[in-house]
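Novice: Dumping the structure here so I can ask a few things about it.
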Amino acid sequence: LFCNGQVIDVFGDINVDGTGEPWDHLDGWAYRVSNTGPDGTTFVLGNWTFSGTNALDNETTNATAAIPFPIGTFSFACPGDMSFVCIQTIVINAPPFVDAGGDQIVCGGGPVNLAAVSDVDGSWSGGLGTFGDANSASTTYTADPSEIGTTVVLTYTTIDPDGVDGPCSGAVGTVQITFVPEADAEFSYDADEYCPNGVDPVLSHTSGSDGIYTYAVVSGGPTLALDPETGAIDLSGSDQGTYDVTNTVSGCGNLVISGVIDGPVTGGLPKAV
């Protein structure tokens, strides 16, 4: 018996015919004794058991044989000082890295800039809007009109770094984009000049909404009786002068209206600056 080109066990004498020898088992069998061997290059007769010659003549099955072959009866107790070594090479692959960037709050629907960082390629997904280039780590996203006033979660997913047969899968990074509705602070008064003892200015909106109304003295003054919540002006409590009235709506902008309280009503529309 050879292992790696070296003889590790022998049976009988290679230089002897074997007929009539103690190990002769013509038409029979030879079986190694349990807990023996391998014996190297030396044949050890006592480590084997034999059926004798012609033991299996006229036998039809091993189960009914007078001297059956001892199938599967060999056992071997490993000595305490014996060890077995098996070496297998394993590889631990580096997982992919991805950072989809910091969360953002933007006014209106964008476009908003996206900048993912990863060591492998990937693509963007999520939302109802449109990407400038979904397959580019650095791209833009424009919100769908229905997303204004909501927070949208966008996902950057990397490719599988070691292929379908590898153990690693693609990495996933997410970023939250909050789209704040653009504030509309539009407003106007029914004139841009008023008489102190005349009819109070009438404020109206075409598209805007009330925010916080404030004023700044351009000349004269110093008091404009301005309701900060409604924008209503009480001329009887106001000093003559020119004032800038500002409507500030929480969100993305405000509007400034200039008006004069100095003489008779002249008509026309307030000026927006």
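The values are calculated or read from the model by the stated rules, or taken from the named source; none is laboratory data. Every value quoted in this text rests on a predicted model; they were computed, and no experiment measured them. Cβ coordinates were reconstructed from backbone atoms using ideal geometry, including for glycine residues, and neighbour counts include every protein chain displayed.
Novice: Against the definition (closer than 30 Å to L114 by Cα, of a type outside the set (V, I, T) and not assigned by TED's automatic domain parsing to the domain that holds Q104), how does S204 come out, yes or no?
Specialist: no
Novice: I've got another one for you. Identify all residues within region 151-164 that are of a type in the set (S, T, N, Q) and surrounded by 15 or more Cβ atoms within 10 Å (Cβ to Cβ); write none if there are none.
Specialist: T155, T157, T158
Novice: Inside region 209-225, can you point out the residues that are crowded, with 18+ Cβ neighbours inside 10 Å and without any contact (Cβ under 8 Å) to a residue 40 or more places away in the chain?
Specialist: Residues satisfying the conditions are Y213, Y215, L224.
Novice: Only strands (runs of 3 or more DSSP E) wholly contained in region 115-197 count here; list those with 3 or more residues that are modelled with pLDDT of 90 or more and β-branched (V, I, T).
Specialist: In region 115-197, 138-142, 151-158, 172-180 are the strands (runs of 3 or more DSSP E) which contain 3 or more residues that are modelled with pLDDT of 90 or more and β-branched (V, I, T).
Novice: Separate question: Surrounded by fewer than 15 Cβ atoms within 10 Å (Cβ to Cβ) and either more than 16 Å from the chain's Cα centre (by Cα) or at negative phi (or both), is that true of P167?
Specialist: Here the answer is yes, as P167 does meet what is asked.
Residues checked against (1) at pLDDT 90 or above; (2) under 30 Å from G28 (Cβ atoms); (3) outside any loop (DSSP other than H, G, I, E, B):
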residue: T64; (1), (2), (3): yes, yes, no
residue: P68; (1), (2), (3): yes, yes, no
residue: S75; (1), (2), (3): no, yes, no
residue: P79; (1), (2), (3): no, no, no
residue: S83; (1), (2), (3): no, no, no
residue: I87; (1), (2), (3): no, no, no
residue: V91; (1), (2), (3): no, no, no
residue: A94; (1), (2), (3): no, no, no
residue: G110; (1), (2), (3): no, no, no
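Novice: Here's something else I'd like to know. Can you confirm whether T140 is more than 26 Å from P95 (Cβ to Cβ) and not assigned by TED's automatic domain parsing to the domain that holds G211?
Specialist: In short, yes.
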